[in-house]
Amino acid sequence: MRVLVVGAGGVGDAVARIAARRDFFELMVLADYDVARAEAAVAAAAAAAGGGDRFAAARVDASEAASVADLVRAHGITHVLNAVDPRFVMNVFTGAFEAGADYLDMAMSLSRPHPERPYAETGVKLGDEQFARAAEWEQAGRLALVGMGVEPGLSDVFARYASDHLFSRIDELGTRDGANLVVRNKAGEEIFAPSFSIWTTIEECLNPPVVFEKERGWYTTPPFSEPEVFDFPEGIGPVECVNVEHEEVLLMPRFLDAGRVTFKYGLGDEFIGVLKTLHALGLDRTEPVPVKGVEVSPRDVVAAVLPDPATIGPRMTGKTCAGLYVTGLGTDGQPRRTYLYHVVDNETSMQEFGAQCVVWQTAINPVVALELLATGVWSGTGVLGPEAFDAVPFLELLAGPAPSGYASPWGMEDR
């Protein structure tokens with residue numbers, strides 16, 4: 001397997017650091033618009049591996065499918081892993097296809113709200129543009145594994161596991177994510193510093209959230225709707241979660257039978273307040289506006305003035321939890337409520353990999369998937385979500401002790 005990672009930011013860098021300890025690939029090319037950033041990621045991966053023969057750096061323009069395709073051909077790439085903002089998904093997706101490579105991503109093609117009823121009906125949904133091309137990929141004998149990060153990704157694997165092994169009827173698949181992370185400045189004061197791409201966070205949180213119901217199909221609600229307090233495990237505790245647009249709601253119903261599918265995220269009052277302010281001021285807009293003779297995107301400005309999520313690890317404490325709350329009937333026919341989850345402590349991920357916990361948790365899942373594809377345990381053609389594959393090999397490899405496994409255990413609580 002020869003892998004091209006498009007994007008050498010926090011997640012791309014963590015992908016390389018994790019993969020450096022595995023032997024399933026022959027070459028991994030880290031590519032970024034800023035080649036210096038790609039070179040830094042390669043150096044870190046090489047240090048983790050005790051040598052850099054399997055890693056290379058390159059420049060790529062993710063806004064151009066041809067740029068991606070050229071790199072695929074130049075390096076004999078078999079698999080492209082997309083680790084850039086979702087606005088570039090279709091370019092990377094198309095470039096991989098045109099050059100004959102398989103493809104994985106951690107976020108799907110962007111949505112566009114319904115023009116008249118954005119808070120009631122869906123318009124173009126997350127992933128619609130990719131699934132519209134599924135027949136092309138299947139006819140070409142190629143695989144596009146979409147939504148294979150942590151959320152989406154691991155929660156979708158949990159959904160398949162619950163469907164196959166824990167439940168005879170699923171009433172709701174409810175992704176519930178929360179954390180108790182705190183970032184401080186040099187003076188020890190708590191500061192506002194999102195642990196993931198603010199560009200992506202704005203996209204997810206200010207778009208109309210999507211809910212799926214079996215009898216109704218997909219529909220939308222206003223942002224931050226249906227608040228609920230969810231008690232997260234391993235010391236994180238109760239966190240208020242709200243509806244957010246996310247790929248799980250668009251993926252799970254395509255492959256699994258469930259009465260309802262939701263995604264709720266523990267944002268907190270401060271974060272919601274900041275997002276509402278950005279929206280009120282128009283700073284969430286992506287269209288460039290003229291500023292003293294220069295065209296700039298307001299959202300890009302917001303991203304530029306906030307700390308880079310890849311750099312805040314040393315100043316961050318706490319844990320992050322990604323998981324899926326499943327309700328319905330167990331295999332014994334009795335009512336069952338089960339939370340399947342994965343918790344990462346920032347101190348642990350920083351000590352072991354030099355990567356902050358949120359980007360590390362996102363990065364480990366596509367690396368596990370790549371290994372399963374490389375060994376032939378997972379295989380398929382077309383555009384598929386993680387739900388299309390047997391969950392057991394993934395969960396066993398993720399939690400298994402090193403060096404054969406990734407030594408990152410997941411948990412399960414009946415409630």
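The values are calculated or read from the model by the stated rules, or taken from the named source; none is laboratory data. No experiment lies behind these values; they were computed from the predicted model shown. Methodologically, a virtual Cβ is constructed for each residue, glycine included, from the backbone with ideal geometry; neighbour enumeration extends over all protein chains shown. SASA here: full protein model, heavy atoms, side chains in, ligands and nucleic acids out. Shrake-Rupley method; radii C 1.70, N 1.55, O 1.52, S 1.80 Å.
Run down Asp102, Asp85, Asp128 and say which single residue is in contact with a His (Cβ under 9 Å, 6 or more places away or on another chain) and not hydroxyl-bearing (Ser, Thr, Tyr).
Exactly one of Asp102, Asp85, Asp128 is in contact with a His (Cβ under 9 Å, 6 or more places away or on another chain) and not hydroxyl-bearing (Ser, Thr, Tyr), namely Asp102.
If I go through the stretch 221-245 residue by residue, how many of them are crowded, with 21+ Cβ neighbours inside 10 Å and over 16 Å from Ile272 (Cβ atoms)?
Result for the stretch 221-245: 1.
Identify the single condition in (1) in a helix (DSSP H, G or I); (2) without any contact (Cβ under 8 Å) to a residue 12 or more places away in the chain; (3) not β-branched (Val, Ile, Thr) that Gly376 does not satisfy, given that it satisfies every other one.
The failed condition is (1).
In the stretch 34-55, is there at least one residue being within 27 Å of Pro401 (Cβ to Cβ) and in contact with a Pro (Cβ under 7 Å, 6 or more places away or on another chain)?
No, the stretch 34-55 has no match at all.
Could you check the stretch 360-371 and list, in sequence order, the residues that are out of contact with any strand residue (DSSP E or B) (no Cβ under 7 Å at 6 or more places or on another chain) and open to solvent by 10 Å² or more (accessible area, probe 1.4 Å)?
Glu371 - this is the single residue of the stretch 360-371 that is out of contact with any strand residue (DSSP E or B) (no Cβ under 7 Å at 6 or more places or on another chain) and open to solvent by 10 Å² or more (accessible area, probe 1.4 Å).
Checking Phe192 against (1) within 22 Å of the chain's Cα centre (by Cα); (2) of a type outside the set (Val, Ile, Thr); (3) within 29 Å of Leu370 (Cβ to Cβ); (4) loosely packed, with under 15 Cβ neighbours inside 10 Å: exactly one of these is not met. Which one?
(3)
Show the residue pairs meeting these rules: Cβ distance below 6 Å; 6+ apart or different chains; first residue within the stretch 1-26 and under 18 Å from Leu71 (Cβ atoms); second residue open to solvent by 30 Å² or more (accessible area, probe 1.4 Å) and part of a loop (DSSP other than H, G, I, E, B).
Met1/Thr78; Arg2/Glu26; Arg2/Gly76; Arg2/Thr78; Val6/Val84; Gly7/Val84; Phe25/Met1
Scan the stretch 272-295 for residues that are open to solvent by 40 Å² or more (accessible area, probe 1.4 Å) and hydrophobic (A, V, I, L, M, F, W, C) and jot them down.
Listed by number, the residues that qualify are Val274, Ala280, Leu281, Leu283, Val291, Val294.
Do we have any residue at all in the stretch 211-218 that's open to solvent by less than 10 Å² (accessible area, probe 1.4 Å) and closer than 28 Å to Asp128 by Cβ?
Yes: one or more hits.
Just to verify a result, which residue in the stretch 216-248, among those that are without any contact (Cβ under 8 Å) to a residue 40 or more places away in the chain and farther than 17 Å from Leu267 by Cβ, is farthest from the chain's Cα centre (by Cα)?
Arg216
If you scan the stretch 379-401, which residues turn out to be touching a residue at least 12 places away in the same chain (Cβ under 8 Å) and open to solvent by 50 Å² or more (accessible area, probe 1.4 Å)?
The answer is Ser379, Thr381, Asp390.
Can you tell me which residues in the stretch 173-189 are surrounded by fewer than 19 Cβ atoms within 10 Å (Cβ to Cβ) and out of contact with any Gly (no Cβ under 8 Å at 6 or more places or on another chain)?
Within the stretch 173-189, Arg184, Asn185, Lys186, Ala187, Gly188, Glu189 qualify.
Does any residue in the stretch 285-298 that is among the charged types (D, E, K, R) come within less than 7 Å, Cβ to Cβ, of a residue that is open to solvent by 70 Å² or more (accessible area, probe 1.4 Å) six or more places away or on a different chain, and which pairs are these?
As it stands, the answer is Glu295/Pro288, since those pairs meet every condition given.
So which residues in the stretch 40-84 are assigned to a helix (DSSP H, G or I) and surrounded by fewer than 16 Cβ atoms within 10 Å (Cβ to Cβ), if there are any at all?
Answer for the stretch 40-84, where residues must be assigned to a helix (DSSP H, G or I) and surrounded by fewer than 16 Cβ atoms within 10 Å (Cβ to Cβ): Ala43, Ala47, Ala66, Arg73, Ala74.
Looking at (1) on the phi > 0 side of the Ramachandran plot; (2) surrounded by fewer than 22 Cβ atoms within 10 Å (Cβ to Cβ), can you tell me which one Tyr33 breaks?
(1)
I need every pair where a residue in the stretch 251-263 that is free of Cβ contacts under 8 Å to residues at least 60 places away in the same chain has its Cβ under 8 Å from the Cβ of a residue that is among the aromatic types (Phe, Trp, Tyr) and open to solvent by 10 Å² or more (accessible area, probe 1.4 Å), sequence separation at least 6 or different chains.
Filtered contacts from the stretch 251-263: Pro253/Phe212; Pro253/Trp218.
Considering only residues that are in contact with a Lys or Arg (Cβ under 9 Å, 6 or more places away or on another chain), closer than 30 Å to Glu172 by Cβ and hydrophobic (A, V, I, L, M, F, W, C), which ones fall in the stretch 262-291?
Correct list: Phe263 only.
Is it the case that Met108 is in contact (Cβ under 8 Å) with a residue 12 or more places away in the chain and surrounded by fewer than 23 Cβ atoms within 10 Å (Cβ to Cβ)?
The answer is no for Met108.
If you go through the stretch 251-278 one residue at a time, how many are over 22 Å from His165 (Cα atoms), part of a helix (DSSP H, G or I) and not β-branched (Val, Ile, Thr)?
Matching residues across the stretch 251-278 total 7.
Only one residue in Glu413, Glu387 is outside any loop (DSSP other than H, G, I, E, B), touching a strand residue (DSSP E or B) at 6+ places or on another chain (Cβ under 6 Å) and acidic (Asp, Glu). Which one?
The match here is Glu413.
Could you tell me whether the stretch 402-413 includes any residue that is hydroxyl-bearing (Ser, Thr, Tyr), at negative phi and open to solvent by less than 40 Å² (accessible area, probe 1.4 Å)?
Yes, the conditions are met somewhere in the stretch 402-413.
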